[in-house]
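First up is the structure itself, then whatever we jot down about it.
Just so it is clear, none of the values below were taken in a lab; they were calculated from the coordinates. Keep in mind it's a predicted model, so treat the numbers as computed, not measured. No Cβ is skipped: glycine too gets one built from the backbone with ideal geometry, and neighbour counts run over all protein chains shown.
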Amino acid sequence: MIRFRHLTLAMLGALAFAPAAFAQDASTDSASGKRFAIVGGYALSQPTKNPQIGGVRTDVDGDGAPTLSASYFFNDNFAIEAWGSADKFGQRLNSNGGKIGSVDSQPVALSGQYHFRGADSIVRPFVGLGYYQANYTGEKLLNGQRLGVDNAKGGIATAGVDLNINPTWFARADVRYMQGSKSDVKLDGVKVGEAELNPVTVGVGIGARF
């Protein structure tokens, strides 16, 4: 809850600053016609489903990680975006109120996006649909058994908003939902179940267009 509050306060600060900064630079430059955008940010990921491991129901904690994205705009409204976590989301596995292990996930995605309103608008909502893959590594259980989780693949839906600071710089907030395939879960090389985490990420970032 504290992390989500910090992300919200950061975006409110950018919103308060954006109108004055954009008005100052709009007379000499324009965001319209700029084809490339990059965004560096931070996101919190939270699974919406919890798997069973060897017949034991588990709870998977969320985690935060830095993110990067690069977009190409075909025009001022349509874009294709490559997005991913720059580091791994370290996720703790719990059962009966205690930790039983952990697994790291690192999603990457490619999406088509539509950005509403004109390129020079201060507030620009956007939506997107695409395909993602989450790579699972570092799987381990505290009891010494060898845990394996296959990578997840599937669709990703994105909704967000860009706040123009000036024609080059902007702040971003977004929510992404990943609906993936079930991943085989193995203990000591033997399949014992399937995992379907379907995480939601909430992120903020700062971007530049050129």
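Check residue 67: other-chain or 5+ apart residues with amide H under 5 Å from its amide H, H built from backbone geometry?
Answer set, sorted by chain and number: 41, 42, 43, 86.
For the pair residue 108 and residue 29, how long in nm is the line joining their label points, each one 7 Å along Cα→Cβ?
The answer from the label model is 3.0 nm.
Run the quick spin-label model on residue 80 and residue 52: label points 7 Å from Cα toward the beta carbon, then report their separation in nm to one decimal.
4.2 nm
Give me the Å³ per residue figure for the convex hull around the C-alpha atoms of the chain.
95 Å³
Show me, for the stretch 85-98, the HN-Hα J-couplings you get by feeding each phi into the Karplus relation (A = 6.51, B = -1.76, C = 1.60, θ = phi - 60°), rounded to Hz, glycine and proline as x.
The phi angles translate into 7, 7, 9, 8, 7, x, 10, 7, 9, 10, 8, 6, x, x Hz.
Give, in nm to one decimal, the length gained when the segment between residue 38 and residue 120 is fully stretched (0.36 nm per residue of separation minus the Cα-Cα distance). Mind showing how you got there, number by number?
Working: separation 82, 0.36 × 82 = 29.52 nm, distance 1.71 nm.
That works out to 27.8 nm of additional length.
Tell me, what ³J(HN,Hα) does each residue in the stretch 100-115 have, in order and in whole Hz, if you take phi through Karplus 6.51 cos²θ - 1.76 cosθ + 1.60 with θ = phi - 60° and put x for Gly and Pro?
For the stretch 100-115, the Karplus-derived couplings read 10, x, 7, 8, 9, 10, 9, x, 9, 8, 10, 9, x, 10, 10, 9 Hz, x marking Gly and Pro.
Report, in degrees rounded to the nearest 10, the 0 to 90 angle that the Cα long axis of helix 2-25 makes with the longest principal axis of the chain.
The angle comes out near 20 degrees.
Given labels modelled 7 Å from the Cα in the Cβ direction, how far is it in nm from residue 99 to residue 135?
My value for the distance between the label points is 2.4 nm.
So what is the calculated 222 nm ellipticity per residue for the chain, using -39500 (n - 2.57) for each DSSP H run with n of 4 or more, over all residues, to the nearest 500 deg cm²/dmol?
Calculated mean residue ellipticity at 222 nm is -4000 deg cm²/dmol.
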